[in-house]
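K.L.:
Before anything else, here's the structure in question.
The values are calculated or read from the model by the stated rules, or taken from the named source; none is laboratory data. Given the structure is predicted, the values throughout are model-derived calculations rather than measurements. Cβ atoms come from the backbone with ideal geometry, glycine included; neighbour counts cover every protein chain shown.
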Amino acid sequence: MKWINSVSLEDLDRLALHDHKLPPTVSQDNATLVFERKMGWRRSWQIRPLIPKQQPLTGRVLPKAKAAPVLPPSAFLSTTYYLRSCPNLESIIQQKVNAWVQKDSTLAASIIRLHFHDCAVRGCDASILLNHPGSERSAEASRTLRGFTVIDDIKAEVERQCPKTVSCADILTAAARDATLLVGGPFWEVPFGRKDGKISIAKEANTVPQGHENVTALLNFFDKMGLTFVDLVVLSGAHTIGRCTCYSIQQRLYNFNGTGKPDPSLNINYLNSLRKQCRLSSNYVNLDVTTPKTFDVAYYTNLAKKLGLLSTDQLLYSDSRTGSLVNLMASQPEFFIGQFAVSMVKLGNTNVLTGKNQGEVRQNCNYVNY
């Protein structure tokens with residue numbers, strides 16, 4: 001396996017990856033983009049930052065030594081965390097996720113979404129799994145979340161083989177990776193060592209974007225999570241699979257922004273089709289109208305045709321801050337696949353609990369330990 005360098009967006013206008021010249025319009029911040037080198041079959045890759053060239057010491061005044069930087073909690077995560085304490089962990093998770101998705105293919109998208117909702121509130125601490133009145137799970141924003149039974153099933157088997165060892169937060173993070181892989185997405189190494197949180201508040205869960213926000217609100221939300229506009233566009237690509245309730249798009253179909261008219265950014269034929277599918281607000285429609293069960297870039301190409309189901313999706317295409325990156329993903333599928341893995345690792349490392357006195361390892365994902 002070869003190392004591949006990370007590439008800062010500032011360098012994109014002068015670098016080519018895999019013979020694809022990247023447009024200079026994407027040089028907007030210092031977020032990292034990483035390109036997956038094709039190896040005949042999909043496998044994990046390793047990432048290291050670009051190392052600046054060393055300058056000769058002659059004539060230079062050496063700076064004073066600085067105090068060691070404070071490492072973020074995610075720095076204490078490791079892919080070998082359970083190597084001795086639960087060596088079969090990833091195999092258990094993979095087999096369980098595979099069995100559930102084989103029975104119901106829509107669960108793949110549900111598990112990925114469940115992972116995002118967990119990380120979006122208080123970080124990736126499995127707080128979304130806590131099941132009590134007033135918890136995140138009981139919030140309005142969480143009412144269509146699914147996949148809880150899958151995680152409970154995995155946890156039961158993990159506890160049987162490795163009791164009181166593996167956190168629910170780690171299980172959910174790895175399950176999201178395996179769900180992605182099962183629908184044709186990339187594989188990535190999941191670093192482990194998260195602890196489970198003890199606090200879960202419904203009001204906080206209702207701050208998670210619901211599909212009607214503007215791009216500024218989305219960018220601000222991702223920024224608070226420590227994620228960039230690149231991560232916003234790339235992680236939105238998960239909408240290449242999955243479904244949405246008609247209830248979530250009713251206003252877009254009939255009364256957009258209180259105008260009494262449909263959203264003008266909707267393709268008229270698509271609008272008519274959605275109205276037929278959504279005679280009941282409880283019905284479901286696919287987020288990707290063309291290839292709803294395949295992990296590909298159709299989500300991005302659909303936006304150029306005004307076929308975005310959620311208004312937030314369509315706005316990513318029309319907004320000048322994100323539109324060029326949407327076009328880039330649409331035109332370079334391999335680039336999207338590689339970057340999706342990178343952004344998912346970043347998502348899974350968001351505000352994790354790793355300190356000695358932080359969190360716990362729940363014995364049941366639904367309840368804190370007593």
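K.L.:
Given (1) part of a loop (DSSP other than H, G, I, E, B); (2) surrounded by fewer than 22 Cβ atoms within 10 Å (Cβ to Cβ); (3) not acidic (D, E), identify the lone condition not met by R362.
P.N.:
Against the list (1) part of a loop (DSSP other than H, G, I, E, B); (2) surrounded by fewer than 22 Cβ atoms within 10 Å (Cβ to Cβ); (3) not acidic (D, E), R362 comes up short only on (2).
K.L.:
Also, quick follow-up: Could you pull out the residue among N327, N302, N286 that is crowded, with 16+ Cβ neighbours inside 10 Å and under 21 Å from H117 (Cα atoms)?
P.N.:
None of the others qualify; the one that does is N286.
K.L.:
Ok, one more. Return a yes/no flag: does region 114-121 have any residue that is among the small types (G, A, S), modelled with pLDDT of 50 or more, surrounded by 10 or more Cβ atoms within 10 Å (Cβ to Cβ) and assigned to a loop (DSSP other than H, G, I, E, B).
P.N.:
Checked region 114-121: no residue is among the small types (G, A, S), modelled with pLDDT of 50 or more, surrounded by 10 or more Cβ atoms within 10 Å (Cβ to Cβ) and assigned to a loop (DSSP other than H, G, I, E, B).
K.L.:
Considering each of L325, L303, L309, L353 in turn, give the residue that is part of a loop (DSSP other than H, G, I, E, B) and more than 17 Å from D196 (Cβ to Cβ).
P.N.:
L309
K.L.:
If you go through region 130-160 one residue at a time, how many are over 21 Å from A108 (Cα atoms), out of contact with any Lys or Arg (no Cβ under 7 Å at 6 or more places or on another chain), surrounded by fewer than 18 Cβ atoms within 10 Å (Cβ to Cβ) and polar (S, T, N, Q)?
P.N.:
Residues meeting the conditions: 1.
K.L.:
Moving on to the next point. Tell me, which residue of region 58-103 that is at pLDDT 85 or above and of a type in the set (K, R) is farthest from V158 (Cα to Cα)?
P.N.:
Filtering region 58-103 for residues that are at pLDDT 85 or above and of a type in the set (K, R), the one farthest from V158 (Cα to Cα) comes out as K103.
K.L.:
Check K261 against each of (1) basic (K, R); (2) over 30 Å from N131 (Cα atoms); (3) surrounded by 19 or more Cβ atoms within 10 Å (Cβ to Cβ) and name the one condition it does not meet.
P.N.:
(3)
K.L.:
Which helices (runs of 4 or more DSSP H) sit wholly inside region 146-233 and have at least 2 residues that are in contact with an Asp or Glu (Cβ under 9 Å, 6 or more places away or on another chain) and closer than 17 Å to S343 by Cβ?
P.N.:
Passing ranges, in order: 168-182, 215-224.
K.L.:
Moving on. Please determine whether any residue of region 129-136 is of a type in the set (A, V, I, L, M, F, W, C), over 26 Å from D288 (Cα atoms) and either at pLDDT below 95 or assigned to a helix (DSSP H, G or I) (or both).
P.N.:
For region 129-136, residues of a type in the set (A, V, I, L, M, F, W, C), over 26 Å from D288 (Cα atoms) and either at pLDDT below 95 or assigned to a helix (DSSP H, G or I) (or both): present.
K.L.:
Go through region 123-151 and give me each residue that's over 14 Å from V368 (Cα atoms) and touching a strand residue (DSSP E or B) at 6+ places or on another chain (Cβ under 8 Å).
P.N.:
Listed by number, the list holds a single entry, T144.
K.L.:
With respect to D296, determine if the residue is acidic (D, E) and assigned to a helix (DSSP H, G or I).
P.N.:
No: the conditions fail for D296.
K.L.:
Among the residues of region 89-107, is there at least one that is among the β-branched types (V, I, T), on the phi < 0 side of the Ramachandran plot, in a loop (DSSP other than H, G, I, E, B) and surrounded by 13 or more Cβ atoms within 10 Å (Cβ to Cβ)?
P.N.:
yes
K.L.:
On the given criteria, is G197 surrounded by fewer than 20 Cβ atoms within 10 Å (Cβ to Cβ), more than 20 Å from S324 (Cβ to Cβ), assigned by TED's automatic domain parsing to the domain that holds C119 and touching a residue at least 60 places away in the same chain (Cβ under 8 Å)?
P.N.:
Against the criterion (surrounded by fewer than 20 Cβ atoms within 10 Å (Cβ to Cβ), more than 20 Å from S324 (Cβ to Cβ), assigned by TED's automatic domain parsing to the domain that holds C119 and touching a residue at least 60 places away in the same chain (Cβ under 8 Å)), G197 does not qualify.
K.L.:
Quick check: is even one residue across region 154-163 assigned by TED's automatic domain parsing to the domain that holds T294, in contact with a strand residue (DSSP E or B) (Cβ under 8 Å, 6 or more places away or on another chain) and of a type outside the set (G, A, S)?
P.N.:
no
K.L.:
Residues to consider are T228, T180; find the one that is surrounded by 18 or more Cβ atoms within 10 Å (Cβ to Cβ) and either among the basic types (K, R) or assigned by TED's automatic domain parsing to the domain that holds F336 (or both).
P.N.:
When all the criteria are applied, what remains is T228.
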